[in-house]
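Every number here is computed from the coordinates shown, using simple stated rules; none is lab data. Note that this is a predicted model, so its numbers are computed, not measured. Cβ placement follows ideal geometry from the backbone for every residue including glycine, while neighbour counts extend to all protein chains displayed.
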Amino acid sequence: MLKDTALTMETDMRYVINANKLLVGALALGFPFEMARAGESSDVVTPQAIPDTSANVVQPKKRVQGGVTSNDLVFSAYTSDNSIVFPQILKLWVPDGSVIADVTYGKGVFWRNVDTSKYTFLPSDLKTGVDARHLPYKSDYLDAAVLDPPYMEGLYRFKNDALAGAGTHEAFRDYYSNSQTTDDKELKYHDKVLDMYLSIGLEVRRCMKDGAIFIVKCQDEVSANRQKLTHVEIIYAYEKMGFYCEDLFVVVRNNKPSVSRIKKQVHARKNHSYFLVFRLCKAKDKKLPYSNFGSLLDAYSTR
Ligand SMILES: C[S@@+](CC[C@H](N)C(=O)[O-])C[C@H]1O[C@@H](n2cnc3c(N)ncnc32)[C@H](O)[C@@H]1O
């Protein structure tokens, strides 16, 4: 009985002490006394018993948000063309003064609206004698690089008359490829496209500084009746090489593409392409500090 009473008293005392602490805490947070006491039984604690700490109460400072409201932003999707979107990407990701190489410069459409004098600008292309798989730069040199190789398997065919863009579409072929047939018979169809992205990716990685930015243009394709989500394949494969995909831009064509000799449409006709923005992480174990996409996927693939 005595023990029980002692226990009750002890419990009551704890309650008083805890209630006191709560109330003091609530007051310290700036709650009015009435609110701080709400839900508390009045015989446990009285206002007189509460030390007046109101003078000590530090009022929480009003948080003032910085910045301005604006819709003058770089967006993730544009119905436009590359020469309009590309400068937006540079603005967001490549600081002035950077050493930047475009390793598939082509006709320089990307750069039409860019003041290249703001950078140390290094354009090159197979057409001008530089194969992007063997770049003339020393290791750890570039702050940024740009890649836009032919993205359609049709531009990597063995025979000239099988190349996409033959005949009336020669201008197209001229723009998108180096118009050369390929001698690599090991790989076929879409694998050739991927192989080009990956082999150039490795060489670009060698030339890049740790933390450098890699802007990659690509488009998905249906190849041999199979859906090939090139942008997903590239993101996954590059991550294995140590590139983290920082940003993704969708460019939707202004005009409607057509298809010749169509019997029945099977897949949606692609009218969009991507700019992917990667950041290189050169850590030896190639584990990216900010992404676990690859390892998570590996873990699930074994379940
Ligand atoms: C889609 S076009 C690039 C267009 C370019 N971004 C522009 O704004 O004009 C593809 C280019 O990749 C080039 N190319 C193809 N294979 C290459 C390689 N192994 N190394 C360097 N350039 C290559 C072609 O000559 C072609 O100019």
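What residues have an amide H closer than 5 Å to that of TYR119, excluding those fewer than 5 places away on the same chain, when H is modeled at 1.01 Å from N in the peptide plane? Placed amide hydrogens put GLY97 under 5 Å from TYR119.
Taking other Cβ atoms within 10 Å as a rough exposure proxy, VAL99, VAL259, VAL216, VAL94 sort from fewest to most as VAL259, VAL99, VAL94, VAL216. Peptides 100-113, 125-138 ranked from most to least packed, by the mean per-residue count of other Cβ atoms within 10 Å: 100-113, 125-138.
Net length available on complete extension from ALA283 to SER80 is 69.4 nm, with 0.36 nm assigned per residue and the Cα-Cα distance removed. By other beta-carbon atoms within 10 Å, ranking TYR151, TYR236 with the fewest at the front produces TYR236, TYR151. Amide H to amide H distances under 5 Å link ALA145 with ALA101, ILE213, PHE214, ILE215, where only residues 5 or more positions off or on other chains count and H is placed in the peptide plane.
Amide hydrogen proximity for GLU246: with H placed 1.01 Å from N in the peptide plane, the residues at 5 or more positions away or on another chain lying under 5 Å are VAL277, PHE278, ARG279. Per-residue Karplus couplings for the range 71-80, computed as 6.51 cos²θ - 1.76 cosθ + 1.60 with θ equal to phi - 60°, are listed in order as 10, 7, 10, 8, 9, 8, 9, 9, 8, 6 Hz, Gly and Pro entered as x.
Taking the number of Cβ atoms within 10 Å of each Cβ as an exposure proxy, the fewest-first ranking of ARG253, ARG63 is ARG63, ARG253.
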